[in-house]
Amino acid sequence: MLNSTPKQRQELGFIRKLAGIDEDTYREILSSYGVESSKDLTKAEIEELINSLRDKAKEIGTFKPKKSFIHCKYNNLAGREKMASPAQLRKIEAMWFKCLF
């Protein structure tokens, strides 16, 4: 049984604030897991709790997920010899948009 990591506990604290969970309610939630501290939660339990609080924060509009950092546009054009890479194509497109607007 592996306990939660510091990174998971930090994320839990952040999401808890976004979800608007006060200290008393938070302690009640922890007691429903049979623990007094988030340090005593297992990795699976803390992930479950984070996900449920994240859903609550989304419902009230305080959590807006960031767009993925991974760029997909032009990735199908990768690996062509003597041609621009997908990253270069995205840069060219960005420069064109700057010129147009």
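Taken about its Cα centre, the chain carries a charge dipole of roughly 980 debye when the Cβ of each Lys and Arg holds +1 and the Cβ of each Asp and Glu holds -1. Net charge in the neighbourhood of residue 41 (other residues with Cβ under 10 Å of its Cβ; Lys, Arg +1, Asp, Glu -1) is -1.
At an R0 of 22 angstrom, the distance between the Cβ atoms of residue 77 and residue 99 translates into a FRET efficiency of 0.50. The alpha-carbon positions of the chain define a convex hull whose volume is 166 Å³ per residue.
All other residues whose Cβ lies under 12 angstrom from that of residue 29 are scored, Lys and Arg at +1 and Asp and Glu at -1, for a net of -4. In this Cβ point-charge picture (+1 for Lys and Arg, -1 for Asp and Glu), the range 6-60 has a dipole of about 280 debye about its Cα centre. Placing unit charges on the Cβ atoms of the charged side chains and taking the dipole of the range 6-60 about its Cα centre, the candidate lying farthest along the positive direction among 30, 52, 8 is 8. The GluC sites (Glu not before Pro) found in the range 16-59 that occupy coil by DSSP, while having at most 15 further C-beta atoms within 10 Å, are 36. Build a GNM of the chain with springs between Cα atoms under 10 Å apart, and of 34, 13, 79 the one that fluctuates most is 79. Taking a Cβ cut-off of under 12 Å around residue 14, the surrounding Lys, Arg, Asp and Glu residues balance to a net charge of +4, with basic ones at +1 and acidic ones at -1. Three semi-axes describe the equivalent ellipsoid of the range 6-60; taken as square roots of 5 times the Cα gyration tensor eigenvalues and ordered largest first, they are 16, 13, 10 Å.
No lab work stands behind these numbers, since they all come straight from the coordinates. Note that this is a predicted model, so its numbers are computed, not measured. Backbone-built Cβ (ideal geometry, glycine too); neighbour counts: all protein chains shown.
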